[in-house]
Amino acid sequence: MGGNTEPDRSRGLVIERVGSVMFGADRIVGEWVAERIPTFVHTPESKALGVIKGDKLVAGVVYERFNGVHMEVSIAADTGSPWADRETLRTLFHYPFIQLGCAVISVIVPASNLQSLNLATKLGFHPEAYIKFAAHDGSALVVLKMFRETCKWIDYDGQKGR
């Protein structure tokens, strides 16, 4: 997936844009996500993609703990922002499943966060496990998974994402 490469000499970064998705600003996007998810801690080893609309960062996806088969994903977005268009979602899921060759990704969401659970299921994640009393508010944590071969956003085995 090609894009425009824009050097940001003030931070020593090379940032690439594919449509509205920004690659190469892992720390900036990771810290932005951490400001929006109360229990999330950005680590230097994680990779993060940002979604830009106009000149504003409106969503971020952090990919971490990749073990060659599986990784965890954290997603944050500005409320009410129309960030999740088809092209953007294709790029965000292309990265772990096609570029890295990941087989399965997971998101972990408090059961009390209905907005995030709704987003995750609309994206195609399916509940895998419930961990009772594990969320910061005392609710359960819901582990949701998505497999590469069932991801509707990517071209896998010659089948186009929807």
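Kindly evaluate residue 97 against the criterion of being touching a residue at least 40 places away in the same chain (Cβ under 8 Å) and buried (at least 16 other Cβ atoms within 10 Å of the Cβ). Criteria met by residue 97.
Selection of the stretch 118-140 for residues being farther than 30 Å from residue 86 by Cα and touching a Ser or Thr at 6+ places or on another chain (Cβ under 9 Å) yields 132, 133, 135, 136, 137, 138, 139, 140. Counting only strands (runs of 3 or more DSSP E) wholly contained in the stretch 89-162, the ones carrying 1 or more residues that are out of contact with any His (no Cβ under 8 Å at 6 or more places or on another chain) and over 26 Å from residue 21 (Cβ atoms) occupy 126-131, 141-147. If only residues of the stretch 62-72 that are under 14 Å from the mean Cα position of the chain (by Cα) and among the aliphatic types (A, V, I, L, M) are counted, the one that is surrounded by the fewest Cβ atoms within 10 Å (Cβ to Cβ) is 71.
Restricting 75, 108, 154 to those that are of a type in the set (A, V, I, L, M), surrounded by 17 or more Cβ atoms within 10 Å (Cβ to Cβ) and over 22 Å from residue 42 (Cα atoms) reduces the list to 154. Restricting the first member to the stretch 106-125 and to residues that are more than 14 Å from residue 38 (Cβ to Cβ), and the second to residues that are surrounded by fewer than 19 Cβ atoms within 10 Å (Cβ to Cβ), the beta-carbon pairs closer than 6 Å and six or more apart or on different chains are 106/72; 106/143; 106/145; 111/139; 111/140; 124/152.
Evaluating residue 31 against the criteria (1) of a type in the set (D, E, K, R); (2) in contact (Cβ under 8 Å) with a residue 24 or more places away in the chain; (3) assigned to a helix (DSSP H, G or I) leaves one unmet condition, (2). Scanning the stretch 55-91 for residues that are within 20 Å of residue 106 (Cβ to Cβ) and acidic (Asp, Glu) yields 64, 72.
Checking each residue in the stretch 1-28 for being modelled with pLDDT of 85 or more and either in contact with a strand residue (DSSP E or B) (Cβ under 7 Å, 6 or more places away or on another chain) or part of a helix (DSSP H, G or I) (or both) picks out 15, 16, 17, 20, 21, 22, 23, 24, 25, 26, 27, 28.
In the set 148, 90, 86, which member is in contact (Cβ under 8 Å) with a residue 60 or more places away in the chain, charged (D, E, K, R) and either farther than 24 Å from residue 32 by Cβ or crowded, with 19+ Cβ neighbours inside 10 Å (or both)?
Answer to the check: 90.
Among the residues making up the stretch 49-64, none is in contact (Cβ under 8 Å) with a residue 12 or more places away in the chain and on the phi > 0 side of the Ramachandran plot. Kindly indicate whether any position in the stretch 115-131 is at positive phi, surrounded by 15 or more Cβ atoms within 10 Å (Cβ to Cβ) and out of contact with any Gly (no Cβ under 7 Å at 6 or more places or on another chain). Yes, the stretch 115-131 contains at least one residue that is at positive phi, surrounded by 15 or more Cβ atoms within 10 Å (Cβ to Cβ) and out of contact with any Gly (no Cβ under 7 Å at 6 or more places or on another chain).
Remark: residue 59 matches the filter, which requires a residue to be under 13 Å from the mean Cα position of the chain (by Cα) and either under 20 Å from residue 116 (Cβ atoms) or surrounded by 17 or more Cβ atoms within 10 Å (Cβ to Cβ) (or both).
The values are calculated or read from the model by the stated rules, or taken from the named source; none is laboratory data. Quantities reported herein were computed from a predicted structural model and do not represent experimental measurements. Quick reminder, even Gly has a Cβ in these numbers, built from the backbone with ideal geometry, and neighbours come from all protein chains shown.
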